[in-house]
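Below is one structure; the comments refer to it alone.
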Amino acid sequence: MKKVMLIYPPGEIYQRGEDRCQINVEASVSNSLRACNDLGYIAAILKRDNYNIFLKDYPAEKENINTLKNDVINEKPDIIFISITNGSIFNDIEIVKTIKSIKNDIIVILKGALFFNPNDELFSEIDLSLIDYVIGGETEFIIQPLLNAHYNDKELLKNIQGISYKNNNKWISNYVTDFNDNLDSVPFPDRSLMHNQLYINPATNRPIATISTSRGCPSSCIYCVSPAISGRKVRFRSPQSVYKELKECVEIYHINDFFFKSDTFTINKQWVIELCNLIINSELRGRINWVANSRVNTIDEEMLLLMKEAGCSVIALGIESGSDDSLKKMKKGTTVEQNINAVKLIKKYKMQIFGFYLIGFPWETEEHINATKDLLFKLDTDFIELSIATPFKGSELYKMVYHEIDDGKSVLGKDSFKYSTIGTKYLSQEYLEKTRKKIILEYHTRPSFIIKKLFNKKLTFSVLCNYFKYGMRIIKNSLKNN
């Protein structure tokens with residue numbers, strides 16, 4: 001029986017299961033650690049083929065490289081699967097070197113959006129000499145045929161979309177040309193191997209599970225890689241499948257808080273209504289609490305009422321900018337007026353809002369930045385995230401600024417908080433960094449904001465401690481030099 005080691009390697013905490021975002025959690029404002037679902041999916045799939053599985057999220061468990069070394073020595077895995085991000089890639093490669101120094105014959109597989117339909121330059125920018133395979137496609141549909149080909153017939157590798165492999169020391173990439181629509185065929189993440197108590201909803205101080213509901217996005221936002229890595233066609237799981245996973249989490253793992261992962265949860269009103277009605281008309285009604293994301297132009301009162309009744313407490317909105325000029329140029333497909341109206345509507349039903357904002361697009365001036373700042377304060381959402389636009393490979397923004405960022409090499413090792421742009425045409429990178437920190441600190445130190453948090457009727461001592469921890473993170477990051 002072959003042993004497979006599935007890991008998030010030691011180092012900084014990234015959202016490694018979020019291929020479109022991949023943020024550095026500790027450098028963010030309000031983001032919390034999410035469960036390692038990508039590893040859980042692979043575990044569930046490979047266990048069906050009788051692989052022996054070792055799964056570990058080293059950053060979440062606060063374990064270091066020495067623990068990993070001991071685990072490799074003790075477990076003696078045949079294969080190691082590492083979920084990487086753009087921001088952590090160089091550290092991840094160093095981890096591989098350490099692993100190979102202990103067990104040289106181990107098969108190493110890296111998975112991440114960075115490897116989606118890669119060009120030849122990528123393989124010269126990163127030292128992948130110790131890597132056997134990289135996966136840029138949807139791993140759940142790739143891992144089983146990949147290992148089958150590796151152990152039984154390597155000629156089959158050429159038929160697997162979404163992977164890169166070596167042939168005579170030259171990397172060969174099989175591009176993704178189509179996506180699998182049958183998401184219901186993917187087993188639920190194996191949460192028996194995941195330390196679910198590590199992933200906490202800071203608003204309740206209870207474990208929170210991530211539930212993937214759909215993949216794909218038809219939008220054209222220039223900063224996002226989602227249409228490239230997931231396709232423009234939205235592929236849904238059935239509401240019945242999502243409900244079964246919710247029920248499993250509640251009854252077997254005693255998890256009652258959920259984050260619904262999708263590019264836009266509310267993009268299909270009838271789908272949302274069907275899922276909400278399943279929850280409302282079941283024993284889960286009143287027992288679960290969940291968070292979902294939305295575009296500001298895809299929600300209405302009927303949907304919000306059902307979502308709230310079904311347990312939705314927080315809606316995340318990609319507000320992005322307070323400037324209609326910026327919204328148009330980033331191809332967001334929304335307006336400032338729609339941003340304002342959506343927030344008003346959600347507040348009407350007393351649901352919390354997580355507002356996401358972006359500054360630093362190539363065309364932006366102080367006027368654009370100030371407009372975003374003014375809207376951010378005006379909307380006064382419960383939680384915010386303010387990022388600097390980062391040209392990830394696969395995005396239109398990357399193509400737009402490619403010639404300005406050292407042939408793209410400086411993008412590697414960066415994220416939305418380890419900045420990779422060169423500023424805008426009018427504003428320096430230093431200005432953007434300082435402005436971001438100033439806005440974040442000013443927003444969270446307002447007396448009105450602090451009072452609203454402290455006098456929340458649902459506030460408990462443990463949640464208050466979480467707010468204090470996040471407040472200290474904001475202060476620390478505001479004082480830190482990049």
Can you find a residue that is more than 30 Å from Glu121 (Cα to Cα) and in a helix (DSSP H, G or I) anywhere in the range 350-363? no
Any idea which of Ser214, Ser219, Ser164 is among the small types (Gly, Ala, Ser) and over 20 Å from the mean Cα position of the chain (by Cα)? Ser164
Positions within the range 4-19 being surrounded by fewer than 21 Cβ atoms within 10 Å (Cβ to Cβ) and either more than 28 Å from Asn70 (Cβ to Cβ) or not assigned by TED's automatic domain parsing to the domain that holds Gln144 (or both), in sequence order: Glu18
Can you find a residue in the range 177-197 that is over 18 Å from the mean Cα position of the chain (by Cα), at pLDDT 95 or above and assigned to a strand (DSSP E or B)? no
Number of positions in the range 165-193 that are among the β-branched types (Val, Ile, Thr) and surrounded by 13 or more Cβ atoms within 10 Å (Cβ to Cβ): 2
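Name the residue, out of Asp120, Asp132, Asp153, that is more than 27 Å from Ile211 (Cβ to Cβ), surrounded by 13 or more Cβ atoms within 10 Å (Cβ to Cβ) and of a type in the set (Asp, Glu).
Only one candidate qualifies: Asp132.
Listed here are the residues, each with its yes/no results for (1) of a type in the set (A, V, I, L, M, F, W, C); (2) closer than 21 Å to Lys2 by Cβ.
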{"site": "Ile160", "(1), (2)": "yes, yes"}
{"site": "Lys166", "(1), (2)": "no, yes"}
{"site": "Asn174", "(1), (2)": "no, no"}
{"site": "Pro189", "(1), (2)": "no, yes"}
{"site": "Tyr199", "(1), (2)": "no, no"}
Complete set of residues in the range 311-334 that are touching a residue at least 40 places away in the same chain (Cβ under 8 Å), of a type in the set (A, V, I, L, M, F, W, C) and not in a strand (DSSP E or B): Met330
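Would you point out the residue of the range 460-482, among those that are aliphatic (A, V, I, L, M) and modelled with pLDDT of 85 or more, that is farthest from the chain's Cα centre (by Cα)? Lay out the reasoning, then the answer.
Here is the first cut: in the range 460-482, the residues aliphatic (A, V, I, L, M) are 463-464, 472, 474-475, 479.
Restricting the remaining residues to those that are modelled with pLDDT of 85 or more gives 463-464, 472, 474-475.
Numbers: Val463: 23, Leu464: 26, Met472: 23, Ile474: 20, Ile475: 24 Å.
Only one residue tops the list, namely Leu464.
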From the options Asn31, Asn74, residue that is surrounded by fewer than 17 Cβ atoms within 10 Å (Cβ to Cβ) and either at pLDDT 95 or above or outside the structural domain of Val225 (by TED's automatic domain parsing) (or both): Asn74
When you look at Leu46, is it in a strand (DSSP E or B) and modelled with pLDDT of 95 or more, yes or no? no
Residues of the range 298-311 being surrounded by fewer than 16 Cβ atoms within 10 Å (Cβ to Cβ), under 25 Å from Tyr357 (Cβ atoms) and not acidic (Asp, Glu), which ones? none
When the range 198-214 is examined, which residues are found to be among the small types (Gly, Ala, Ser) and part of a loop (DSSP other than H, G, I, E, B)? Ala203
Hey, any hits in the range 273-288 for a residue that's surrounded by fewer than 20 Cβ atoms within 10 Å (Cβ to Cβ) and within 20 Å of Val343 (Cα to Cα)? no
Just to be sure before I move on: is Ser313 in contact with a strand residue (DSSP E or B) (Cβ under 8 Å, 6 or more places away or on another chain) and either on the phi < 0 side of the Ramachandran plot or β-branched (Val, Ile, Thr) (or both) in the structure I sent? yes
Being in contact with a Ser or Thr (Cβ under 6 Å, 6 or more places away or on another chain) and of a type outside the set (Lys, Arg) is the requirement here; does Ile267 meet it? yes
Against the condition without any contact (Cβ under 8 Å) to a residue 40 or more places away in the chain, in contact with a strand residue (DSSP E or B) (Cβ under 9 Å, 6 or more places away or on another chain) and assigned by TED's automatic domain parsing to the domain that holds Thr204, how does Val272 come out, does it pass? yes
Of all residues in the range 247-257, how many are in contact with a Ser or Thr (Cβ under 9 Å, 6 or more places away or on another chain) and within 14 Å of Pro189 (Cα to Cα)? 3
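May I ask you to verify whether Asp19 is closer than 22 Å to Val291 by Cβ, touching a helix residue (DSSP H, G or I) at 6+ places or on another chain (Cβ under 7 Å) and at pLDDT 95 or above?
Considered against the rule, which asks whether it is closer than 22 Å to Val291 by Cβ, touching a helix residue (DSSP H, G or I) at 6+ places or on another chain (Cβ under 7 Å) and at pLDDT 95 or above, Asp19 comes out as no.
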I'd like to verify a number: residues in the range 69-94 that are assigned to a helix (DSSP H, G or I), closer than 20 Å to Asp127 by Cβ and out of contact with any helix residue (DSSP H, G or I) (no Cβ under 7 Å at 6 or more places or on another chain), how many? 5
Determine whether Lys378 is closer than 24 Å to Asn456 by Cβ, of a type in the set (Lys, Arg) and outside any loop (DSSP other than H, G, I, E, B). yes
Could you figure out which of (1) of a type outside the set (S, T, N, Q); (2) surrounded by fewer than 20 Cβ atoms within 10 Å (Cβ to Cβ); (3) touching a residue at least 40 places away in the same chain (Cβ under 8 Å); (4) not in a loop (DSSP other than H, G, I, E, B) isn't true of Glu337? (3)
Just checking, which of Asn168, Asn159 is more than 27 Å from Ser294 (Cα to Cα), modelled with pLDDT under 95 and out of contact with any Gly (no Cβ under 7 Å at 6 or more places or on another chain)? Asn168
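The values are calculated or read from the model by the stated rules, or taken from the named source; none is laboratory data. Because the structure is predicted, anything quoted here is derived from the model rather than measured. Neighbour counts run over all protein chains shown; Cβ positions are idealised from the backbone, glycine included.
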